[in-house]
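The values are calculated or read from the model by the stated rules, or taken from the named source; none is laboratory data. Worth saying up front: this structure is predicted, and the values here are computed from it rather than measured. Neighbour counts run over all protein chains shown; Cβ positions are idealised from the backbone, glycine included.
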Amino acid sequence: MSSVEPKDNRDLVALRELEPVEAPPEVVARVRRQAHAELEVVREGDWLTRASRAWNRVGLPAALTVVVVGYLSWAVGAASALYQ
Amino acid sequence: MRDPTERPLVDALRRGEASAFDAVYGRYRGRIHGFLLRLCGRRDVAEDLFQETFLKLARNAPKLDEDTDLAAWLFTVARNAWVSHRRWSMLDISRLVVLEDDALPAANAPDPDARADAARDVERLERALAALPAASREVLLLVGVEGFDQEQAAAMLGIKYDALRQRLARARAQLAERLGMVETKEALA
């Protein structure tokens with residue numbers, strides 16, 4: 001620890017007076033542009049994720065059900081036709 | 001310190017809305033860039049880390065928690081980016097670099113004499129800050145310049161509250177010492 005101790009909070013108050021520093025305008029614009037592109041990827045990714053989840057949870061079981069029920073109907077119909 | 005008006009912004013960011021990003025960017029870009037510039041002392045590195053910080057915000061927008069404190073999140077990411085950069089560069093930048101004279105703003109007082117005095121004070125403070133060890137500089141920037149409370153700053157730095165208090169006391173003493181040194185040098189010049 002240093003031998004010099006601040007006697008009050010003046011140093012912290014002085015630090016609070018330091019202003020924000022803007023990046024150069026071209027950097028500000030470039031980062032904004034790239035961030036918007038990232039957000040678009042995120043939104044598309046999010047849409048794909050939601051669609052894929054919906055397909056796995058609802059679409060796929062529904063399609064399987066339709067196929068199974070359809071096949072059973074056909075099988076029962078075919079069997080009864082043969083029997084008659 | 002969390003701003004309650006940020007909640008809708010966080011919600012919109014989680015939905016990936018570009019306008020929400022713009023609002024956050026407008027609110028924090030000067031503070032984050034100033035923080036990084038003062039932390040690393042190099043304009044080019046500060047700009048790279050600034051870009052990394054905000055692109056990370058865009059990439060992670062949907063994963064943000066509903067109650068995210070954006071200021072704390074951004075400063076933590078910025079600080080971690082700087083730590084990572086330092087680790088890679090394997091150098092203590094604070095020993096090598098002096099802040100560029102035109103990198104930081106001059107004080108903005110109405111009267112020309114007062115403005116000159118204020119600008120000198122700010123420059124003295126900036127130079128003293130830049131000459132401190134990195135660990136001291138980051139704690140002074142977070143608590144002193146950015147006004148985070150000490151518990152928040154401890155969480156952001158990944159250290160315990162008591163350790164932060166010790167580090168802050170040491171940093172303030174070093175700053176006072178540096179300011180004394182700077183003033184003595186100027187008086188002798």
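Of B:135, B:103, B:154, which residue is modelled with pLDDT of 90 or more and either within 10 Å of chain A (Cβ to nearest Cβ) or under 16 Å from residue B:39 (Cβ atoms) (or both)?
Checking each option against the conditions leaves just B:135.
Between residues in the stretch B:24-37 that are more than 8 Å from every other protein chain (Cβ to nearest Cβ) and more than 17 Å from residue B:58 (Cα to Cα) and residues that are part of a helix (DSSP H, G or I) and among the small types (Gly, Ala, Ser), which pairs lie under 9 Å by C-beta distance while being six or more apart or on different chains?
Sorted first by the residue in the stretch B:24-37, then by its partner, the pairs are B:35/B:46; B:35/B:78; B:36/B:46; B:36/B:78; B:36/B:81.
How many residues, within the stretch A:7-52, are more than 7 Å from chain B (Cβ to nearest Cβ), under 25 Å from the mean Cα position of the chain (by Cα) and at pLDDT 80 or above?
Number satisfying all stated conditions: 8.
Return the only residue of B:173, B:119 being more than 30 Å from residue B:3 (Cβ to Cβ), of a type in the set (A, V, I, L, M) and modelled with pLDDT under 90.
Values: B:173 fails: modelled with pLDDT under 90.
After ruling out the rest, the residue left standing is B:119.
Among residues belonging to the stretch A:35-44 that are in contact with a helix residue (DSSP H, G or I) (Cβ under 6 Å, 6 or more places away or on another chain) and of a type outside the set (A, V, I, L, M, F, W, C), point out the one that is farthest from residue B:24 (Cα to Cα).
A:38
Which pairs turn up if I take residues in the stretch A:21-45 that are crowded, with 20+ Cβ neighbours inside 10 Å and look for partners that are polar (S, T, N, Q) with beta carbon separation below 7 Å, at least 6 apart in sequence or on another chain?
Correct list of pairs: A:31/B:51.
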